[in-house]
1. Translational D (Stokes-Einstein, µm²/s) of region 12-61 at 10 °C and 1.306 mPa s when Rh comes from the Kirkwood sum over C-alpha pairs?
2. Hey, with R₀ at 30 Å, roughly what FRET efficiency would LYS40 and LYS6 work out to, going by the Cβ-Cβ distance, to 0.05?
3. Can you tally the net charge around CYS13? Count Lys and Arg as +1, Asp and Glu as -1, for every other residue whose Cβ sits under 11 Å from the Cβ of CYS13.
4. Any chance you could run the full-extension gain for TYR14 through ILE32? It's 0.36 nm times the residue separation minus the Cα-Cα distance, nm to one decimal.
5. So for the chain, taking the charge dipole from beta-carbon charges (+1 Lys/Arg, -1 Asp/Glu), which of ASN5, ASN18, ALA41 sits furthest toward the positive end?
6. Charges only on Cβ, +1 for Lys and Arg, -1 for Asp and Glu: so what's the dipole of the chain about the Cα centre, in debye to the nearest 20?
Amino acid sequence: MVNSNKPKKVCSCYNVSNHDIMKALNNGCSGINEVRKSTKAGTACGKCNSSVEYEIYKALKK
C-alpha cells in the first residue's frame, strides 16, 4: 500500500516534494511555469520536468 501522506521527492536538485507542489497550487499557482517559479522544481537539470507535470496533473484533476 502506498502512503500518500508521506512526501515523495520530485526534484532532487532543489529537494522539492509532491507536497511542496501541492502547497504551491493551493497558494494560487495554476500551471507548470508558476509552480517552477514558486518551488524552483525543474529549473536546474530538468530531469524532473515530467514528474512535476504529472504531480500538477494529479492535483488538478481532483
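Computed from the coordinates by the stated procedures, all read-outs in this text should not be read as laboratory data. Computed from a predicted structure; not experimentally measured. Cβ placement follows ideal geometry from the backbone for every residue including glycine, while neighbour counts extend to all protein chains displayed.
1. Working: Rh = 10.4 Å.
D, rounded to a whole number, is 152 µm²/s.
2. On the way: r = 22 Å, r/R0 = 0.73.
Once rounded, the FRET efficiency stands at 0.85.
3. Details: positive: LYS9, LYS40, LYS47; negative: none.
Taking every other residue near CYS13 into account, the sum is +3.
4. On the way: separation 18, 0.36 × 18 = 6.48 nm, distance 1.56 nm.
Extra length from TYR14 to ILE32 when fully extended: 4.9 nm.
5. Of the listed residues, the answer is ASN5.
6. Value, rounded to 20: 120 debye.
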